[in-house]
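The values are calculated or read from the model by the stated rules, or taken from the named source; none is laboratory data. Quantities reported herein were computed from a predicted structural model and do not represent experimental measurements. Here the Cβ positions follow ideal geometry from the backbone for every residue, glycine too, while neighbour counts run over all protein chains shown.
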Amino acid sequence: MQIVIIGSGNVATILGRLCKQSGHTILQVMSRHTENAKTLATELGCSYDNYNGKTNMDADLYLVAISDGILFDLNKSFSLDNKLIVHTAGSVSKDVLQDISSNYGVLYPFQSLRKEMATIPEIPFLVDGNCEEATSRIEQFAQTLSPIVKRTTDDERLKTHVAGVVVSNFTNHLYALAEDYCKKENLDFSLLYPLIKETTERIATHSPLDVQTGPAYRNDVFTLEKHLRILNNHPKIKYLYLKLTDSIMNWQKTP
């Protein structure tokens, strides 16, 4: 496919690289800021412009990878008639694009993506379209980028996004808190790497519920009290420790 990328941030950069690696042609990068568009376009070997420039109308697909809030104003800058346009947001309806083109949908990369990635990780894609033809075209395109492609509605995609925030963003925040705790207590955070790896790998073959461990799971009040005394000097972690301990202990009692 011939593609125009609208956006120049993390998602636009990684998907641009992936599209190029998969044999697609990037015709143009468009961004609100010309310099940002130029940087990505130089890497991808294509032309560039800002939103006030002339959009290349020869593309088969217009890939919008911008912040969710900006999506709602995109129709002020673009009008594509019946060209296929998709956005990459997890929590925004496909219909945000309905005033830009009669063919539109979603190509949501369900993965945490950063420009600095040395290699592109496996990316499941959740796809949707405003009609069967659009959905089919988006699905076929996504299958050139990943072996994991699933059709989802706006509601299903939003619910999946919530689950993603819990397992990725919330978990990473706990890592950050643990790292800060280790620094303040003069502990080696890297000792936790094998534990993090093991915890992550075992849920690939087991339900997380079935492999839950720890003092809260065992109802080990003696250990819990010792931990909480240590955490008196770390109120933010103590608060979350109490909340998560309560959640684990009560979850086990749920039929």
*the stretch 83-96 residues that are in contact (Cβ under 8 Å) with a residue 40 or more places away in the chain, paired with ones that are small (G, A, S) (beta carbon under 6 Å, 6 or more apart)*: V86/G105; T88/A65; K94/G105
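Residues are listed down the side, and each one gets a yes or a no for (1) in contact with a strand residue (DSSP E or B) (Cβ under 7 Å, 6 or more places away or on another chain); (2) crowded, with 21+ Cβ neighbours inside 10 Å; (3) of a type in the set (D, E, K, R):
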position	(1), (2), (3)
I3	yes, yes, no
S8	yes, yes, no
L15	yes, yes, no
Q21	no, no, no
H24	yes, no, no
M30	yes, yes, no
T34	yes, no, no
K38	yes, no, yes
T42	no, no, no
*Cβ-Cβ below 7 Å, separation at least six or inter-chain, first residue in the stretch 214-237 and not assigned by TED's automatic domain parsing to the domain that holds Y181, second surrounded by 11 or more Cβ atoms within 10 Å (Cβ to Cβ): which pairs?*
none
*Checking V96 against (1) touching a helix residue (DSSP H, G or I) at 6+ places or on another chain (Cβ under 8 Å); (2) closer than 16 Å to I5 by Cβ, which test does it fail?*
(2)
*Any idea which residue in the stretch 96-109 is farthest from F72 (Cα to Cα), counting only those that are in contact with a Leu (Cβ under 6 Å, 6 or more places away or on another chain) and not polar (S, T, N, Q)?*
Y108
_Six or more apart or on different chains, Cβ atoms under 8 Å: show the pairs whose first residue is in the stretch 1-18 and farther than 15 Å from T34 by Cα and whose second is among the acidic types (D, E) and outside any helix (DSSP H, G or I)._
M1/D60; Q2/D58; Q2/D60; I3/D60
